[in-house]
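Quick notes on the structure that follows.
The values are calculated or read from the model by the stated rules, or taken from the named source; none is laboratory data. This structure is a prediction, so every number in the text was calculated from the model and none was measured. Quick reminder, even Gly has a Cβ in these numbers, built from the backbone with ideal geometry, and neighbours come from all protein chains shown. Note: areas computed on protein heavy atoms with side chains; ligands, DNA, RNA excluded. Shrake-Rupley method; radii C 1.70, N 1.55, O 1.52, S 1.80 Å.
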Amino acid sequence: MTTEPIDLRSDTVTVPSDEMRQAMAAAEVGDDVYGEDPTVNRLQAELAERLGKEAGLFMASGTMSNQVALKTHTQPGDEVICHRWSHIFNFEGGAGPAMSGVSFNLVDGDYGVITAEQVEAVIRPDSIHYPTTALINLENTHNKAGGTIFPLGEIRNIRKVADHYGLPMHLDGARLFNAVVATGVEAHQWAEPFDSISTCLSKGLGAPVGSVLLGSKEFIEKALYVRKRFGGAMRQVGVLAAAGLFALENNIDRLADDHANAGRLAEGVNEIEGFSVDLNGVHTNIIMIDVTGTGMTEEAVRGRLAERGVLLNTFGRGFLRAVTHLNVSADEIEKALEVFERIAESG
Ligand code: TLP
């Protein structure tokens with residue numbers, strides 16, 4: 001074993017490379033509250049172009065980006081349709097109800113996918129008895145479902161329903177570029193059906209901080225006010241945006257390596273007694289490992305792996321989550337597999 005742990009808890013644990021740090025140090029900056037940070041402006045324009053939207057807004061985190069979108073699209077008392085496992089509902093500290101006064105109408109579906117029929121069935125009729133359906137939120141790739149890709153055809157079907165009922169659609173595209181690399185479908189094609197998209201630079205792309213919210217000029221102008229209220233108007237933040245620009249230039253294509261490593265880890269773990277992985281659900285850089293066959297709790301298995309230098313997160317329902325990223329090599333994946341084998345043998 002190497003002395004450094006093999007950290008598969010998340011792709012958020014990636015650290016900036018020396019080259020990325022140099023780009024940050026060299027960044028031209030200004031006061032972004034005055035709209036005068038050239039590096040932030042460049043990052044926002046670059047992502048707007050890649051995603052085919054009019055404008056972008058730099059955010060401190062994916063959570064802030066999603067929540068600013070939620071607040072911008074809704075009024076207190078409104079309802080948001082999303083998958084039961086969506087990040088915006090499960091992992092954002094209850095921010096939707098707390099910050100925007102919205103509730104969620106939760107839809108179930110395999111691999112994080114919900115269908116147009118399911119969405120249409122839960123849209124509220126116009127009546128004083130009901131909350132107002134105000135937004136449809138989708139997630140691509142889907143984190144809790146295991147990095148799965150939401151089929152573009154179904155997104156377009158949902159868009160038709162949204163148009164029929166006059167509803168906006170938001171995409172939590174924290175890992176949108178993983179979907180781009182895995183499918184070859186370009187970012188602007190994935191983004192086209194949505195009114196707003198949040199995408200993260202601080203996950204597989206390897207920047208230390210930052211997400212960008214994209215949409216129409218009108219939407220982003222409104223979002224600017226909400227971001228200020230949420231405390232997210234930052235000053236000489238070009239030092240962070242520079243990391244994002246570096247990530248877009250250098251770290252997208254290499255996501256294919258993370259996907260290959262995830263595929264190898266998934267197949268290897270699935271062959272080990274006591275562990276099972278639904279290989280049909282391994283599309284990108286996340287794998288969900290069912291550990292119930294070991295006879296141990298997921299927390300116990302996590303602890304045993306950690307003692308031997310392999311870090312994973314528990315993810316409920318008897319599952320551990322492993323996420324591959326740019327700081328984990330193919331060799332380290334082989335070493336991680338040896339550790340899984342040892343645990344299967346010795347308990
Ligand atoms: N996800 C984190 C944890 O919050 C679970 C992780 O380790 O995967 N949308 C999606 C789909 C995400 O996976 C995340 C982060 C976010 C939004 C929020 O991003 P941050 O952490 O920057 O607020």
Legend entry - Within the stretch 300-334, considering residues that are surrounded by 17 or more Cβ atoms within 10 Å (Cβ to Cβ) and assigned to a helix (DSSP H, G or I), the one nearest to the ligand (Cβ to nearest atom): Arg302
Legend entry - Cross-chain or 6+ apart pairs with Cβ under 8 Å, the stretch 326-347 first and on the phi > 0 side of the Ramachandran plot, then open to solvent by less than 80 Å² (accessible area, probe 1.4 Å) and part of a helix (DSSP H, G or I): Gly347/Thr294
Legend entry - Condition check for Leu43: farther than 11 Å from Ile220 by Cβ and surrounded by 24 or more Cβ atoms within 10 Å (Cβ to Cβ): yes
Legend entry - Residue satisfying condition, being polar (S, T, N, Q) and outside any helix (DSSP H, G or I), within set Thr3, Thr12: Thr3
Legend entry - Residue ID - farthest from Gly316 (Cα to Cα), chosen from residues in the stretch 78-99 that are in contact (Cβ under 8 Å) with a residue 24 or more places away in the chain and more than 16 Å from the ligand (Cβ to nearest atom): Asp78
Inset, instruction - Quick one: count up the residues across the stretch 84-135 that are open to solvent by less than 50 Å² (accessible area, probe 1.4 Å) and of a type in the set (Asp, Glu). - result: 1
Legend entry - Matching residues, the stretch 262-273, being open to solvent by 20 Å² or more (accessible area, probe 1.4 Å) and in contact (Cβ under 8 Å) with a residue 60 or more places away in the chain: Arg264, Glu273
Inset, instruction - Search the stretch 1-25 for residues that are among the hydroxyl-bearing types (Ser, Thr, Tyr) and pair each with any residue that is crowded, with 18+ Cβ neighbours inside 10 Å and not in a loop (DSSP other than H, G, I, E, B) when their beta-carbon atoms are under 6 Å apart and the residues are at least 6 apart or on different chains. - result: Ser10/Val323
Inset, instruction - Consider only pairs whose beta carbons are under 8 Å apart and that are at least six residues apart or on different chains; among these, list those whose first residue lies in the stretch 180-204 and is assigned by TED's automatic domain parsing to the domain that holds Glu221 and among the polar types (S, T, N, Q) and whose second residue is assigned to a loop (DSSP other than H, G, I, E, B) and away from the ligand (no atom under 15 Å from the Cβ). - result: Ser196/Pro168
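Matching residues to (1) within 16 Å of the ligand (Cβ to nearest atom); (2) more than 18 Å from Met169 (Cα to Cα); (3) within 20 Å of the chain's Cα centre (by Cα):
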site	(1), (2), (3)
Glu186	no, yes, yes
Asp195	no, no, yes
Leu201	yes, yes, yes
Gly204	yes, yes, yes
Gly210	yes, yes, yes
Leu214	yes, no, yes
Lys217	no, no, no
Leu224	no, yes, no
Phe230	yes, yes, no
Inset, instruction - Residues being more than 24 Å from Gly231 (Cβ to Cβ), more than 16 Å from the chain's Cα centre (by Cα) and of a type outside the set (Lys, Arg): count how many of those fall in the stretch 46-69. - result: 4
Legend entry - Single match in Ala207, Ala187 (criterion: farther than 18 Å from His87 by Cβ, surrounded by fewer than 24 Cβ atoms within 10 Å (Cβ to Cβ) and not acidic (Asp, Glu)): Ala187
Legend entry - Members of the stretch 54-72 that are closer than 30 Å to Ser127 by Cα and more than 16 Å from the ligand (Cβ to nearest atom): Thr72
